[in-house]
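Right, one structure below, let's go through it.
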Amino acid sequence: MTRTRLDLTRPQILAFRRQAGALDERLPRGPRSLRRAAWAGLQDSMPRAALLSIHARVEGTGPSTWEDPSLVQLWGPRFNVFVVAACDLSVFSLGTLPDDARSRRRAEDLAARLNATLGGTQIAYGQAGASYL
């Protein structure tokens, strides 16, 4: 089987990345735009870095936009914090689980213990990490 080589220029690649990342034109304010802005997760390890990323992508972004109910914050790989669309939480969090069985069991055990301890309440992630790791 022969494959056809795809020749792309740097400007074409950068234009695609800007368009896919909603960076070529700011989106209108609203939950649908927030979902598109956060479709692949926005890293938020430096507090409010995700807000800056949302601001670059969505018109009318205010200081509390990252708290919109259409978005959630969660721990990702290596305890980095991410903001993702709430409706994408399941697929995003499953995609960040470790591949090896031992690490996956450890992550699932930690999640189960934390869930049991919290009993449906919410606390700051730093408090959870300090208390339950």
Shape descriptors of the stretch 11-96 over alpha-carbon atoms, Rg and Dmax in angstrom, are 12.6, 36
For Gln19, the net charge from surrounding residues (Cβ-Cβ under 13 Å; K, R +1; D, E -1) works out to +3
What's the extension gain from Phe16 to Leu89 if we count 0.36 nm per residue and subtract their Cα-Cα distance?
-> 23.8 nm
Inter-label distance, nm, simple model (7 Å from Cα along the C-beta direction), Ala40/Gln73 | 2.3 nm
Return the whole-Å distance between the Cα centroid of the stretch 75-91 and the Cα centroid of the stretch 2-74.
-> 14 Å
Projected onto the charge dipole of the stretch 11-96 (unit charges on the beta-carbon of Lys, Arg, Asp and Glu, signs +1, +1, -1, -1), the Cα from Ile13, Gly76, Ala56 with the largest positive-side position is that of Ile13
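For a Förster distance of 35 Å, can you work out the FRET efficiency between the beta-carbons of Glu59 and Asp99, rounded to the nearest 0.05?
Details: r = 39 Å, r/R0 = 1.11.
E between Glu59 and Asp99, to the nearest 0.05, is 0.35.
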Might you report the magnitude of the Cβ-based charge dipole of the chain about its Cα centre, with Lys and Arg at +1 and Asp and Glu at -1, to the nearest 20 debye?
-> 360 debye
So what is the calculated 222 nm ellipticity per residue for the chain, using -39500 (n - 2.57) for each DSSP H run with n of 4 or more, over all residues, to the nearest 500 deg cm²/dmol?
-> -13000 deg cm²/dmol
Within-15-Å neighbourhood charge of Val83 [Cβ basis; K, R +1; D, E -1] = 0
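Each value in this text was obtained by applying a stated rule to the coordinates, not by laboratory testing. What you see is a predicted model; the values in this text were computed from it and never measured. Here Cβ is always computed from backbone atoms with ideal geometry, including for glycine, and neighbour counts include all displayed protein chains.
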